[in-house]
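The structure appears below as structure tokens.
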Amino acid sequence: AKAPMRVAVTGAAGQIGYSLLFRIANGDLLGKDQSVILQLLEIPDEKAQKALAGVMMELDDCAFPLLAGMSAHSDPMTAFKDIDIALLVGARPRGPGMERKDLLSANAQIFTAQGKALNAVAKRTVKVLVVGNPANTNAYIAMKSAPDIPAKNFTAMLRLDHNRALSQLAAKLGKPVADIEKLVVWGNHSPTMYPDYRFATIDSKSVKDSINDAAWNKDTFIPTVGKRGAAIIEARGLSSAASAANAAIDHMHDWVLGTHGKWVTMGIPSKGEYDIPAEVIYGFPVVCENGEYKMIEGLEIDAFSRERMNHTLNELLEEQAGVKHLLS
Ligand code: NAX
């Protein structure tokens with residue numbers, strides 16, 4: 001049998017954690033032949049640790065054959081010891097009266113500390129996915145705080161946006177979601193993201209030609225995908241959790257086990273592709289193979305797309321500028 005893989009999950013007692021952990025332990029993340037050890041991080045707060053203990057009791061009670069062990073932590077230096085996979089879900093939510101820059105700096109502190117801990121104790125091959133918002137900038141901070149781990153190992157979650165866009169297109173076309181290929185979501189995980197179906201195909205036919213409605217793209221599709229998170233909050237009274245956990249599973253599963261030629265969207269550090277400045281963590285189209293992602297390069301960018309891509313880039317550059325002084 002394969003050696004168990006160590007998976008750290010932060011924010012493990014939160015909403016997303018409650019959907020995520022059971023699926024990891026069930027083999028949905030790394031495969032039905034791969035056992036896992038869960039290393040769960042929560043804030044030291046007594047209530048959070050107690051809630052985490054309760055979640056672990058439930059994990060025990062599932063008697064998952066693939067769950068080879070688990071531990072609770074309040075310090076990233078122990079939680080990240082020897083891990084293969086980091087799912088960084090916990091983050092500071094925006095409290096009442098909290099400004100955007102306060103939110104940015106509260107999270108910058110968390111992700112600086114977690115980046116340093118990864119640098120100190122995680123496997124050098126650790127694959128990191130940041131889910132906690134602002135996800136792209138938090139991933140950037142963690143990456144900059146972990147100089148001894150390859151920058152390419154730090155990614156942010158755009159997959160929920162990708163999946164949301166797929167489902168909107170499938171509904172519009174009246175076709176199964178599985179038939180759509182080559183969708184892209186560019187940029188920041190925020191309402192400025194740019195879901196782009198210009199290259200997408202359905203049953204090998206062009207999605208753009210099938211829809212053939214620029215106004216629907218601009219006035220319905222792009223805003224619906226961008227505001228989907230807010231629509232879920234409005235309907236459910238709570239933010240997306242099961243779908244976010246599902247997207248995190250999709251992202252990491254595909255990165256580790258491959259996409260078999262299928263394009264997916266990952267937030268990854270730019271190397272200057274598509275004129276996105278180096279090191280910006282930006283949503284790009286990729287395929288994955290042998291545990292590595294590879295960007296789809298050379299796609300044509302028209303004037304409308306360039307404007308959208310710059311808009312979401314500018315937001316990311318502003319976020320980066322807002323935390324620069326906190327990175328040493
Ligand atoms: P919850 O508030 O339910 O859970 C977050 C948990 O993280 C809490 O239990 C909290 O104690 C813990 N936590 C906070 N700081 C921590 C730290 N420094 N170390 C360890 N644990 C810490 O939020 P939930 O609904 O689970 O959402 C988690 C994060 O995902 C939020 O930042 C949210 O904005 C973000 N999201 C990102 C999405 C994406 O597509 N990238 C979509 C869904 C989600 O909104």
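The values are calculated or read from the model by the stated rules, or taken from the named source; none is laboratory data. Being a predicted model, the structure only gives us computed values, none of them experimental. Glycine also receives a Cβ, built like all others from the backbone with ideal geometry; neighbour counts cover every protein chain displayed. Just the protein is used for accessible areas: all its heavy atoms, side chains included, with ligands, DNA and RNA removed. Shrake-Rupley method; radii C 1.70, N 1.55, O 1.52, S 1.80 Å.
Tally time: how many residues in region 1-45 are near the ligand (Cβ under 10 Å from one of its atoms), open to solvent by 50 Å² or more (accessible area, probe 1.4 Å) and outside any loop (DSSP other than H, G, I, E, B)?
Result for region 1-45: 2.
Of everything in region 224-247 that's in contact with a helix residue (DSSP H, G or I) (Cβ under 6 Å, 6 or more places away or on another chain), within 21 Å of Ala91 (Cα to Cα) and of a type outside the set (S, T, N, Q), which residue is surrounded by the most Cβ atoms within 10 Å (Cβ to Cβ)?
Checking each candidate, the answer is Ala245.
Here are Val55, Val89: which of them is closer than 24 Å to Thr259 by Cα and either in contact (Cβ under 8 Å) with a residue 12 or more places away in the chain or open to solvent by 10 Å² or more (accessible area, probe 1.4 Å) (or both)? Reasoning before the result, please.
Details: Val55 fails: closer than 24 Å to Thr259 by Cα.
Among Val55, Val89, only Val89 is closer than 24 Å to Thr259 by Cα and either in contact (Cβ under 8 Å) with a residue 12 or more places away in the chain or open to solvent by 10 Å² or more (accessible area, probe 1.4 Å) (or both).
Applying the selection to region 85-101, what residues are under 9 Å from Val130 (Cβ atoms) and touching a Gly at 6+ places or on another chain (Cβ under 7 Å)? Please lay out each step first, then the result.
Filtering region 85-101 for residues under 9 Å from Val130 (Cβ atoms) gives 86-89, 91.
Leu88, Val89, Ala91 - these are the residues of region 85-101 that are under 9 Å from Val130 (Cβ atoms) and touching a Gly at 6+ places or on another chain (Cβ under 7 Å).
Output the residues belonging to region 126-178 that are among the β-branched types (Val, Ile, Thr), in a helix (DSSP H, G or I) and either touching a Lys or Arg at 6+ places or on another chain (Cβ under 6 Å) or open to solvent by less than 50 Å² (accessible area, probe 1.4 Å) (or both).
Our first condition is that a residue be among the β-branched types (Val, Ile, Thr); within region 126-178, this holds for 126, 128, 130-131, 137, 141, 149, 155, 177.
From the residues that got through so far, the ones that are in a helix (DSSP H, G or I) too are 137, 141, 177.
The answer is Thr137, Ile141.
Checking the structure you have, find out if any residue of region 105-121 is in a loop (DSSP other than H, G, I, E, B), of a type in the set (A, V, I, L, M, F, W, C) and touching a residue at least 60 places away in the same chain (Cβ under 8 Å). Give the steps one after another, and end with the answer.
Taking region 105-121 first, the residues in a loop (DSSP other than H, G, I, E, B) are none.
Scanning region 105-121 turns up no residue that is in a loop (DSSP other than H, G, I, E, B), of a type in the set (A, V, I, L, M, F, W, C) and touching a residue at least 60 places away in the same chain (Cβ under 8 Å).
The rows are residues; the columns are (1) of a type outside the set (A, V, I, L, M, F, W, C); (2) closer than 20 Å to Glu42 by Cα.
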{"position": "Ser74", "(1), (2)": "yes, yes"}
{"position": "Met77", "(1), (2)": "no, yes"}
{"position": "Lys81", "(1), (2)": "yes, yes"}
{"position": "Val89", "(1), (2)": "no, yes"}
{"position": "Lys101", "(1), (2)": "yes, no"}
{"position": "Asn136", "(1), (2)": "yes, no"}
{"position": "Ala151", "(1), (2)": "no, no"}
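State yes or no: is Ala48 near the ligand (Cβ under 10 Å from one of its atoms) and either touching a Leu at 6+ places or on another chain (Cβ under 7 Å) or assigned to a strand (DSSP E or B) (or both)?
Numbers: near the ligand (Cβ under 10 Å from one of its atoms): yes; either touching a Leu at 6+ places or on another chain (Cβ under 7 Å) or assigned to a strand (DSSP E or B) (or both): no.
For Ala48, the condition - near the ligand (Cβ under 10 Å from one of its atoms) and either touching a Leu at 6+ places or on another chain (Cβ under 7 Å) or assigned to a strand (DSSP E or B) (or both) - is not met.
List every residue pair whose Cβ atoms sit under 7 Å apart, with the two residues 6 or more apart in sequence or on different chains, where the first one lies in region 152-167 and is closer than 17 Å to Ile232 by Cα and the second, anywhere, is small (Gly, Ala, Ser).
Pairs found: Leu158/Gly267; Leu158/Gly283; Arg159/Ala247; Leu160/Ser240; Leu160/Ser243; Leu160/Ala244; Leu160/Ala247; Asn163/Ala247.
Looking at Lys123, is it more than 15 Å from the ligand (Cβ to nearest atom), open to solvent by 20 Å² or more (accessible area, probe 1.4 Å) and under 19 Å from the mean Cα position of the chain (by Cα)? I'd like the intermediate steps shown before the answer.
Working: more than 15 Å from the ligand (Cβ to nearest atom): yes; open to solvent by 20 Å² or more (accessible area, probe 1.4 Å): yes; under 19 Å from the mean Cα position of the chain (by Cα): no.
The answer is no for Lys123.
Could you grab me the full set of residues in region 61-86 that are away from the ligand (no atom under 12 Å from the Cβ), outside any loop (DSSP other than H, G, I, E, B), open to solvent by less than 40 Å² (accessible area, probe 1.4 Å) and in contact (Cβ under 8 Å) with a residue 60 or more places away in the chain?
Gly69, Ile85
Do you know which residues across region 207-223 are within 19 Å of Thr312 (Cβ to Cβ) and open to solvent by 50 Å² or more (accessible area, probe 1.4 Å)? So that I can check it myself, show each step before the final result.
Going through region 207-223, the residues within 19 Å of Thr312 (Cβ to Cβ) turn out to be 217-223.
If the condition is that a residue be within 19 Å of Thr312 (Cβ to Cβ) and open to solvent by 50 Å² or more (accessible area, probe 1.4 Å), then Lys218, Asp219, Thr220 are the ones that fit.
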